[in-house]
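Below you'll find the structure, written out as structure tokens, and then a few comments.
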Amino acid sequence: MRQIIICITLAFLFFSGGQDKGRTTTDFNFDWQFRLGDEAAWSQPDLDDSDWRSLHLPHDWSIEGEFSSKHPAGVNGGALPGGIGWYRKHFATPAAERVAVEFDGVYMNSTVWVNGKEVGGRPYGYSSFCVDITSALNGPGQDNVIAVRVDHSVQPSGRWYTGSGIYRNVRLVTTPAVRIAYNGIYVTTPEIGDEAATVLVHTDVEAPAGTAYTVSHRIRDARGKTVAKGGDGVPIRVRKAHRWDVSDPYLYSVVTEVREGRKVVDRVTTRFGFRETAWDADKGFLLNGRVVKLQGVCLHHDLGCLGSAVHRRALQRQLEILMAAGVNAVRTAHNPPAPDLLDLCDETGLLVMDEAFDEWRSGKTRGGYSRFFDEWYERDLTDLVRRDRNHPSVIMWSIANEISEQGGRTPEASEANRALTRHIADIIRAQDATRAITCGGHQLNRENNLYASGALDVIGLNYRPKGYDSLRVWFPGKPIVASETVSAQNSRGIYYQPSTGIRIAGRSAFGRGFMQAAAAPAGEVPNQCTAYDNSRSIWDVTDTHQNAWIPVRDRDFIAGTFVWTGFDYLGEPTAFGWPSRSSYFGFVDLAGFPKDPYYMYQSEWTDETMIHLLPHWNWTPGEKIDVWAYYNNADEVELFLNGKSLGRSAKTPDCLHAFWPEVVFEPGKIEAVSYKDGHEVARTSRETAGPAASLRLTADRKVIDADGYDLSFVTVEAVDAQGRAIPDADMMLNFSVEGSGELFGVDNGNAADTLCLKGTRKALFSGKALAVVRSIRNQKGHATLKVSSELGDGKIEIETR
């Protein structure tokens with residue numbers, strides 16, 4: 001237990017009124033006013049902001065803009081606007097001794113005022129921070145104004161879409177004078193056995209000089225039952241501790257109480273889990289004593305048509321889709337994540353590589369983090385670790401991604417970069433010595449300064465699978481993880497023939513200059529890639545999903561992979577230029593619809609029997625079409641065309657799909673049947689769809705909470721008279737919502753669609769579109785989504801309660 005001495009002014013004592021009621025934490029997201037622009041007077045409490053826009057957080061103003069090639073962020077930044085925006089909120093002074101506002105993230109370069117007094121802020125848009133506003137408050141019960149200036153005017157500030165605004169959650173926290181510090185609880189489990197385990201809790205307490213207090217802890221199981229008690233910094237024994245695991249993410253909580261005499265003055269509950277992690281140079285990663293291959297993905301932080309604004313249900317949906325493919329790990333590329341993501345990973349059993357920076361001193365973009373690095377990196381890194389160190393899902397810290405400091409122009413520069421690497425690792429270990437430290441390195445040589453510094457527990461290599469064996473020789477005894485792999489590029493539902501050979505996505509564009517528009521080659525759709533897994537990025541180190549997975553699969557000493565990427569993300573449409581404005585890298589598109597390589601992972605990474613057949617079966621008679629099938633738990637697959645067998649095919653260790661080349665198209669049905677030991681295991685089919693007859697709307701959830709946060713994701717398809725989805729439908733749709741909900745976003749997964757994602761119009765792409773309905777706070781009832789098109793109207797009702 002550490003005591004942090006603070007001073008209490010007479011004014012502060014007056015404001016508190018001596019009416020301590022212990023800690024309260026209040027949702028501070030609602031009833032904000034917002035305006036784009038910049039005036040110094042906007043920080044002042046007497047400003048008339050009645051004509052400002054009313055909204056509630058989290059909020060990303062960039063996603064509300066129109067796509068344009070003229071925006072300073074460029075297509076790499078999502079082709080959306082930045083600028084400067086202000087947020088203001090009125091609130092009454094709480095009856096408490098100390099008052100603080102906790103921001104989970106503001107992008108970027110934020111400054112906070114209360115009643116015209118500057119009280120804090122943060123340059124790094126991914127850092128969580130806490131602002132003590134006590135000294136700036138008016139008297140008890142009186143009105144106050146908090147104003148937040150967000151400066152995202154220097155662009156581009158990232159190599160992908162970042163968003164702009166108070167895009168993560170905000171809380172108002174009141175405490176007595178003696179209080180637990182922000183992120184001041186550290187829970188470890190130094191001993192875990194079958195019969196008993198120990199919990200060690202260290203607490204930072206802020207208190208006036210001379211204050212006497214005690215700290216105690218109660219350990220509760222997942223049902224809320226107290227199973228052990230103890231003091232601060234003293235081992236607490238828990239009998240028959242239930243381990244946290246990927247298949248059984250069992251969570252305990254510790255209730256920490258601070259007392260003055262016998263009175264509890266502060267109380268904080270912290271979730272944690274009992275789990276043992278280890279890294280082995282020969283076996284990879286071990287969880288609770290057994291090897292777990294990391295079947296991971298890299299994720300950027302945007303949520304498609306919702307932009308970077310955090311919504312728990314949207315994050316939850318992403319993780320559900322990924323886990324259904326067998327994903328068991330996430331890399332938070334390339335920045336600290338929203339706390340909500342880690343909470344969900346704790347609850348679902350996903351493992352996390354928690355990443356800090358994409359830039360150190362040497363910048364990659366004009367407005368990037370390198371501008372602030374020297375002044376802020378120690379604090380940003382410390383705050384990240386203190387915030388996330390109690391999450392059982394977090395198994396390693398990544399200190400950097402593909403930074404220039406891996407090299408050095410002189411021996412002195414290289415040694416300085418190695419020393420900086422060691423210093424950064426020391427900062428982490430001072431706050432948490434229980435997790436491995438790694439990086440995303442892309443310079444494959446033994447002189448890589450991050451590797452050669454000796455500071456890393458695990459060598460992280462991006463791409464370059466031919467270097468896995470070299471790393472093992474250069475750094476004997478060091479575990480290795482494939483921290484970023486693949487960079488295949490695919491468009492959902494678009495198939496170029498033949499499917500053999502490797503296609504370089506955007507090569508025609510690249511040949512005219514990186515990220516410049518260019519005409520598509522003959523037989524290809526402009527600004528679209530093939531959906532077959534034979535399309536990779538322009539960089540020589542990238543590969544297809546299959547070819548990048550096999551070297552990891554076949555090497556026990558590689559702890560696992562992190563695929564670039566799980567979902568498509570806004571920005572970085574390598575190597576296409578405008579009108580492309582989002583990536584093609586994900587094996588799930590921006591709208592959350594899986595692409596075909598998704599099923600390759602499902603066949604390799606899950607035990608549940610599956611079979612997936614591609615492509616669709618709407619072609620021109622006589623066309624020669626390559627047919628693939630991904631499958632598992634079977635020896636081979638037989639393909640039928642209108643009931644006639646076209647033979648059997650089986651995957652091999654080096655080809656992870658069954659394959660029938662140049663099938664001559666005729667309308668009707670293709671069907672794939674898998675067999676094990678001669679017996680049928682599974683079957684699936686594709687049928688030729690007829691003319692579009694109507695729209696079909698399908699909601700992922702038809703009942704949502706009326707809390708102003710909950711979401712329903714509605715898939716829209718065009719179907720024929722028999723209800724068969726039309727795979728190439730591209731008609732324009734118009735969306736509206738009536739009742740107790742609002743239209744919150746529209747998408748279709750098309751990386752080159754330039755209609756606003758917050759608008760009311762969106763065309764089907766490869767037969768699908770998405771509408772997101774958000775509930776309205778405290779409005780119970782029904783929200784009706786209406787979709788109109790040339791086929792007529794489609795409707796679906798969502799209950800809010």
Practice problem: Might you let me know whether segment 618-636 holds any residue that is in contact with a strand residue (DSSP E or B) (Cβ under 6 Å, 6 or more places away or on another chain), over 29 Å from residue 712 (Cα atoms), surrounded by fewer than 22 Cβ atoms within 10 Å (Cβ to Cβ) and β-branched (Val, Ile, Thr)? | Solution: yes
Quiz item: Which members of segment 666-683 meet the condition of being aliphatic (A, V, I, L, M) and closer than 21 Å to residue 726 by Cα?
Solution: 670, 672
Quiz prompt | Some residue of segment 765-782 being aliphatic (A, V, I, L, M), more than 16 Å from residue 712 (Cα to Cα) and in contact with a Leu (Cβ under 7 Å, 6 or more places away or on another chain) | solution = no
Quiz item: Does at least one position in segment 270-293 carry a residue that is open to solvent by 50 Å² or more (accessible area, probe 1.4 Å), over 18 Å from residue 189 (Cβ atoms) and among the hydrophobic types (A, V, I, L, M, F, W, C)?
Solution: yes
Exercise. Just one of (1) open to solvent by 60 Å² or more (accessible area, probe 1.4 Å); (2) modelled with pLDDT of 95 or more; (3) not aromatic (Phe, Trp, Tyr) trips up residue 565, so point out which.
Key: (1)
Practice problem: Would you mind stating whether residue 138 is outside any strand (DSSP E or B), among the polar types (S, T, N, Q), open to solvent by 10 Å² or more (accessible area, probe 1.4 Å) and touching a strand residue (DSSP E or B) at 6+ places or on another chain (Cβ under 8 Å)? | Solution: yes
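Yes or no, residue by residue, for (1) in contact with a Pro (Cβ under 8 Å, 6 or more places away or on another chain); (2) buried (at least 22 other Cβ atoms within 10 Å of the Cβ); (3) among the basic types (Lys, Arg); (4) part of a strand (DSSP E or B):
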residue	(1), (2), (3), (4)
99	no, yes, no, yes
102	no, no, no, yes
120	no, no, no, yes
127	yes, yes, no, no
156	yes, yes, no, no
172	yes, no, no, yes
177	yes, no, no, no
180	no, yes, no, yes
187	no, yes, no, yes
Quiz prompt | Only one of 376, 360 that is over 30 Å from residue 292 (Cβ atoms), among the hydrophobic types (A, V, I, L, M, F, W, C) and part of a loop (DSSP other than H, G, I, E, B) | solution = 360
Quiz prompt | Condition met for residue 191 (touching a strand residue (DSSP E or B) at 6+ places or on another chain (Cβ under 6 Å) and open to solvent by 60 Å² or more (accessible area, probe 1.4 Å)) | solution = yes
Quiz item: Is it the case that segment 594-615 has a residue that's in a strand (DSSP E or B), closer than 30 Å to residue 468 by Cβ, touching a residue at least 24 places away in the same chain (Cβ under 8 Å) and not aliphatic (A, V, I, L, M)?
Solution: yes
Quiz item: Only one residue in 684, 715, 754 is open to solvent by 20 Å² or more (accessible area, probe 1.4 Å), among the β-branched types (Val, Ile, Thr) and in a loop (DSSP other than H, G, I, E, B). Which one?
Solution: 754
Quiz item: Would you say residue 38 is under 28 Å from residue 777 (Cβ atoms), open to solvent by 10 Å² or more (accessible area, probe 1.4 Å) and either touching a Leu at 6+ places or on another chain (Cβ under 7 Å) or not in a helix (DSSP H, G or I) (or both)?
Solution: no
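So that you can scan it fast, the table gives a plain yes or no per residue for (1) buried (at least 23 other Cβ atoms within 10 Å of the Cβ); (2) in contact (Cβ under 8 Å) with a residue 24 or more places away in the chain; (3) on the phi > 0 side of the Ramachandran plot:
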residue	(1), (2), (3)
392	yes, yes, no
397	yes, yes, no
402	no, yes, yes
422	no, yes, no
433	no, no, no
437	no, yes, no
444	no, yes, no
451	yes, yes, no
Quiz item: Are any of the residues in segment 657-675 assigned to a helix (DSSP H, G or I) and of a type in the set (Asp, Glu)?
Solution: no
Quiz item: Taking segment 224-247, which residues are open to solvent by 60 Å² or more (accessible area, probe 1.4 Å) and either farther than 16 Å from residue 198 by Cα or among the aromatic types (Phe, Trp, Tyr) (or both)?
Solution: 225, 247
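The values are calculated or read from the model by the stated rules, or taken from the named source; none is laboratory data. What you see is a predicted model, and the numbers here were worked out from it, not measured in a lab. A quick note on method: Cβ atoms are made from the backbone with ideal geometry, for glycine too, and the neighbour counts reach across all protein chains shown. Side chains are part of the model used for accessible areas, which takes the heavy atoms of the whole protein and leaves out ligands, DNA and RNA. Shrake-Rupley method; radii C 1.70, N 1.55, O 1.52, S 1.80 Å.
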